Amino acid sequence: MRDRRFVVALVTLLTSAALLGSSASGNAPKGERYWPKWRGPLMTGVAPHATPPVEWSETKNIRWKVEIPGKGSATPVVWGDRIYVLTAVATGDPVAVAPAPAPEPGQRRRGPRGITPEHVQKFVILALQRSDGKVLWERVLREELPHEGMHQTGTWASSSAATDGEMILAFFGSRGLYALDMAGKPLWERDLGAMTVKLGFGEGSTPALGDDRVIVQWDHEGESFIVALDRKTGQELWRRAREEGTSWASPLLVEHAGRTQVVTSATNKVRAYDAESGDVIWETQGMTQNAIPTPVHRNGSVILTSGFRGNALLAVNLAEARGDISASPAITWKFDRDTPYVPSPLLYGDELYLLKGNNGMLSCFNATTGERHYGPTRLEGVSNVYASPVGADGRIYVASRDGTTAVIQRGPEFKTLATNTLDDGFDASPVAVDSELYLRGQRFLYRISE
């Protein structure tokens, strides 16, 4: 009898704990519970209410995996019971293309070139059901032969979607920006022109979705600009020319002192624009070439990084930032080595996590002071990384192109919790929602949950 009472009490306790865990996530604001943007609900890389697994394999903790048609490295977004994924699907017979021009006599071909498009592409958004991965609806938003190439490791669907629970933004760069309702019905679309990207390496910036407007950073080898569009109609609110070459960084919307700023990273200058008017609030020297990582923000401080042909990190105190801040105390600390090339930084509380270049080497800093806690420290089994690190439930998740994801304990001391390998490679960043982790690979989308 005593054993039976003990079992009943234990079951009751476990059930209550499970309900409390579910309630903790379920009672969170929807914008924080789900993953509505490519860097998560806070645009820091952190899922504040998620509790995903620590360990998995092809035979452990895989609830489902489904093959995604076509090719895309866009990070999925999640809202409610649905996942939204962008992809580009090759269709039809190959198109004859002219070979790249030979270098002039006495000259060498400089650097790698993009892959020339050979197929008409369908630019697609998919809505999948979280419970089983079933495709609920699919929309082909455009169908055309891309006007220029992409990097050998790139895709024609590298920009991520964004949602606020009322609408979904699907951005395919030169193939257009599309707004749909949550059932996939088109609301509006905008064609912003055709980019001329450095070396034909393809496009990758993701728009910022605000309460009443959408911000697009359009940096390329032609006439660069930043533009604000009305969220409901797509009508242009303002546009500002930018003296910038190609960048792949995404703009960051920051609320500070009752004003919304649009922070942009690029090679010539780092700038912050007033989201309402488009006027420049502050600016300073730019990052390295090929600016890719998206800035992060917390408690009035913005941190920007880049790492191609150089290393750069800037921490900016927004309370002090006005005009040209290059020699002002608004720049609270800098760092000039071991910064990321493709992956964006992760800001988890007062800890800043950076990967070195595209390597599987992690560093951790105090985000306020710039003190380095550790790193660069090699992640076991991880060598080539495009995906940005993600934080959830006191852990750091780093997914690699070779299929291995390292799980690291959050904190100033380095500790590996698990090294998990799947039969796919990952360029899209992990997505953590509730007790689930979603990994979008080169072929499959995985739901990982216990």
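Points worth noting:
- Taking every residue in the range 58-71 that is over 12 Å from R447 (Cα atoms) and pairing it with any residue that is hydroxyl-bearing (S, T, Y) and in a loop (DSSP other than H, G, I, E, B), at least 6 positions away or on another chain, the pairs with Cβ-Cβ distances below 7 Å are K71/T155.
- Residue check for D402: surrounded by fewer than 24 Cβ atoms within 10 Å (Cβ to Cβ) and either basic (K, R) or in contact with a Lys or Arg (Cβ under 9 Å, 6 or more places away or on another chain) (or both): no
- For R190, the test of being free of Cβ contacts under 8 Å to residues at least 40 places away in the same chain and more than 18 Å from the chain's Cα centre (by Cα) is failed.
- Taken together, G222, G165, G154 contain a single residue that is in contact (Cβ under 8 Å) with a residue 24 or more places away in the chain, buried (at least 16 other Cβ atoms within 10 Å of the Cβ) and assigned to a loop (DSSP other than H, G, I, E, B), which is G154.
- Of the residues L379, L346, the single one that is within 22 Å of the chain's Cα centre (by Cα), surrounded by 18 or more Cβ atoms within 10 Å (Cβ to Cβ) and under 27 Å from N299 (Cα atoms) is L346.
- Filter result for A47 (in contact with a helix residue (DSSP H, G or I) (Cβ under 9 Å, 6 or more places away or on another chain) and among the hydrophobic types (A, V, I, L, M, F, W, C)): yes
- Every condition in (1) surrounded by fewer than 24 Cβ atoms within 10 Å (Cβ to Cβ); (2) among the small types (G, A, S); (3) under 17 Å from the mean Cα position of the chain (by Cα) holds for A387 except the one numbered (1).
- A residue that is touching a Pro at 6+ places or on another chain (Cβ under 9 Å), farther than 23 Å from A50 by Cβ and at pLDDT below 90 occurs nowhere in the range 78-88.
- Positions within the range 260-282 being surrounded by 17 or more Cβ atoms within 10 Å (Cβ to Cβ) and in a strand (DSSP E or B), in sequence order: T260, Q261, V262, V263, T264, K269, V270, R271, A272, Y273, I281, W282
- Note on the range 241-259: among residues that are more than 25 Å from H151 (Cβ to Cβ) and of a type in the set (A, V, I, L, M, F, W, C), the one that is surrounded by the most Cβ atoms within 10 Å (Cβ to Cβ) is V254.
- Residue list for the range 288-316, restricted to those being buried (at least 23 other Cβ atoms within 10 Å of the Cβ), touching a Phe, Trp or Tyr at 6+ places or on another chain (Cβ under 9 Å) and in a loop (DSSP other than H, G, I, E, B): A291, I292, P293, T294, G307
- Verdict on Y397 being in a strand (DSSP E or B), touching a Lys or Arg at 6+ places or on another chain (Cβ under 8 Å), at negative phi and buried (at least 20 other Cβ atoms within 10 Å of the Cβ): no
- Looking only at the range 136-151, and only at residues there that are assigned to a loop (DSSP other than H, G, I, E, B) and surrounded by fewer than 16 Cβ atoms within 10 Å (Cβ to Cβ), the one that is modelled with the lowest pLDDT: H147
- Residue check for T155: modelled with pLDDT of 95 or more, under 19 Å from the mean Cα position of the chain (by Cα) and under 27 Å from E32 (Cβ atoms): no
- Where a residue in the range 26-37 is crowded, with 17+ Cβ neighbours inside 10 Å and modelled with pLDDT of 80 or more and its partner, wherever it lies, is of a type in the set (G, A, S) and in a helix (DSSP H, G or I), with Cβ under 6 Å and at least six apart: R33/S25
The values are calculated or read from the model by the stated rules, or taken from the named source; none is laboratory data. All values derive from a computational prediction rather than experimental measurement. Note that each Cβ is placed from the backbone with ideal geometry, even for glycine, and that neighbours are counted across all protein chains shown.
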